[in-house]
């Protein structure tokens, strides 16, 4: 994984428990931050775009919530969207089951990636070898 | 003897090195503050929020303290001036004491108590939670995004609140001058204007900006010193706040020396 991070540093969109959401920002601000900082996107436009992308997950209602009040899956979606906001993003998802410990398999990860597949160029998922069985469903969905 | 020197020397060398590091960090931050590239939509938003938290939310407390403390003090000053027969120096005393000395000092104490401790804890929590790591993974410069807005906010807030303190205290001085000296509004205003020196205003503004710079820079530096353990947060806040108060005293003393040279 370190290799992938170093290789794609400029376009890296990291989704990891080790890269947590910024706790003093609302959910939408965590996502908007990337384009506001790197592309100087005005606040109102950034908010509209984030709300539109949250609607893809049916999560528009969580936009103004604080990070501490989010469920695991909502937190994962915010992390994923934040990563996808990087220009020509290379998503690196590090042990998704650490972010969503209650998940049975990786189908939710696959579905989430499909909802935003126009927002990133590549996606790499890293996990322990012994977690391989959890990803069977993901292969079935061609991810 | 060697042991005594060693005991005294170690903390001294440590403090000198720490001060040197802080000044080096201050140099880097100053270059960022004046760089246009540091300002984008995200940093501007942080700056506006910080000014709101520091200079606007504090207003009810600040105005109450300014009116109560300022009026009491100005009442005492006026009574002493009357007793000593120094009425002709009223303007100079008010401008020299209230505007250039009292206003920045009271303001910086209130802001340091409220905002410096908050900034120290916030940065320490972000360090412990690995949120600073998140920012660097997304190629976001923490100096631009976190530090520059907080430091600019410190400078702006101390200047604005010091001016507000001066206006409130000089306003209450107007009432006291009427009751104690029977002085009208015109006479009081003229006395103040005649005693206003451009150099006093410049010194006051520079002092406020220096105060604002260091009471935000030092908490940031000490917040960054937190480790990845929760228990390091109170230690970072404690050490940072002690250094903030030392910095306030040093700046105050230096400004007094500069004024009377």
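Only the coordinates and a few stated rules stand behind these numbers; no lab work does. Keep in mind that what you see is a predicted model, and the values were worked out from it rather than measured. All Cβ positions, even for glycine, are placed from backbone atoms using ideal geometry, and neighbour counts span all protein chains on display.
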Quick one: check the C-alpha center-to-center distance for the range B:98-128 versus the range A:1-25, whole angstrom. 33 Å
How many nm separate the modelled label positions at residue B:5 and residue A:122, each set 7 Å beyond the Cα in the direction of the Cβ? 6.1 nm
What FRET efficiency do you get for residue B:246 and residue A:61 if R0 is 51 Å and r is their Cβ-Cβ distance, rounded to the nearest 0.05? 0.55
As an exercise, use a Förster radius of 60 Å and the Cβ-Cβ distance of residue B:84 and residue A:24 to find the FRET efficiency, rounded to the nearest 0.05. 0.70
From the Cα gyration tensor of the range B:113-165, with a ≥ b ≥ c the square roots of its eigenvalues, which class applies: rounded if a/c is under 1.5, or else prolate if a/b is larger than b/c, or else oblate? oblate
I need A:48, B:36, A:82, A:107 ordered by Cβ neighbour count within 10 Å, fewest first. B:36, A:48, A:107, A:82
Between the range B:150-189 and the range B:64-83, the Cα center-to-center distance that results, in Å: 12 Å
Once a ≥ b ≥ c are taken as the square roots of the eigenvalues of the Cα gyration tensor of the protein assembly as shown, is the result rounded (a/c under 1.5), prolate (a/b larger than b/c) or oblate (a/b not larger than b/c)? prolate
Just want to confirm a number: the relative contact order over the range B:56-260, from Cα pairs under 8 angstrom separated by 6+ residues, in percent. 36 percent
For the residue A:88, residue A:51 Cβ pair and Förster radius 22 Å, calculated FRET efficiency rounded to 0.05 is 0.45
In what order do A:116, B:167 fall by count of nearby beta-carbon atoms within 10 Å, going from fewest to most? B:167, A:116
Between residue B:12 and residue A:43, what is the label-to-label distance in nm when each label sits 7 Å out along the Cα-to-Cβ direction? 5.1 nm
Everything considered on the Cα gyration tensor (a ≥ b ≥ c; rounded for a/c under 1.5, else prolate if a/b is larger than b/c, else oblate), the range B:204-260 must be described as prolate
Residue B:197 paired with residue B:174, simple spin-label distance in nm, labels 7 Å along Cα-to-beta-carbon: 2.6 nm
Order of B:163, A:77 from fewest to most other C-beta atoms within 10 Å? B:163, A:77
